[in-house]
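The values are calculated or read from the model by the stated rules, or taken from the named source; none is laboratory data. Keep in mind it's a predicted model, so treat the numbers as computed, not measured. Counting neighbours? That spans all protein chains shown, and the Cβs are built from the backbone with ideal geometry, glycine included.
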């Protein structure tokens, strides 16, 4: 996550609280299985002590989580795809609930409608 994105993720986290895990590894890289690593910009574990963790191993089973993907650009298909499939990747951790948030610096009316249809919350945080 770039410096243009991480502050947006943290700003959103400050509004909702909980444990923020930055750069959460949803899939570990494996040459043996021909699998690329997949990380999620942020996972917030609701109801936990307010703090920031770095891509640590954390048991998400039974927890209420928010999955965050952030881009320092207009809402578009790339960010939307990341958000949508991040939810699917996180199901393997068996959380109680998964909320998905796509953070961007500028919205797009048509893309936001599609996000709403797929239960992806769009949060716009413009440049400082």
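Taking region 50-59 as the search range and keeping residues that are assigned to a loop (DSSP other than H, G, I, E, B) and modelled with pLDDT under 95, which one is surrounded by the most Cβ atoms within 10 Å (Cβ to Cβ)?
Of everything passing the filter in region 50-59, 58 is surrounded by the most Cβ atoms within 10 Å (Cβ to Cβ).
What number of residues in region 99-122 are buried (at least 18 other Cβ atoms within 10 Å of the Cβ) and under 10 Å from the mean Cα position of the chain (by Cα)?
4
Out of region 17-47, which residues are assigned to a loop (DSSP other than H, G, I, E, B) and over 13 Å from residue 86 (Cα atoms)? Lay out the reasoning, then the answer.
Step one: of region 17-47, the residues assigned to a loop (DSSP other than H, G, I, E, B) are 17-18, 28-29, 31-34, 36-37, 46-47.
Result: 17, 18, 28, 29, 31, 32, 33, 34, 36, 46, 47.
Got a sec? Which of 80, 111 is in contact (Cβ under 8 Å) with a residue 40 or more places away in the chain, farther than 15 Å from residue 23 by Cα and assigned to a helix (DSSP H, G or I)?
On the way: 111 fails: in contact (Cβ under 8 Å) with a residue 40 or more places away in the chain.
Exactly one of 80, 111 is in contact (Cβ under 8 Å) with a residue 40 or more places away in the chain, farther than 15 Å from residue 23 by Cα and assigned to a helix (DSSP H, G or I), namely 80.
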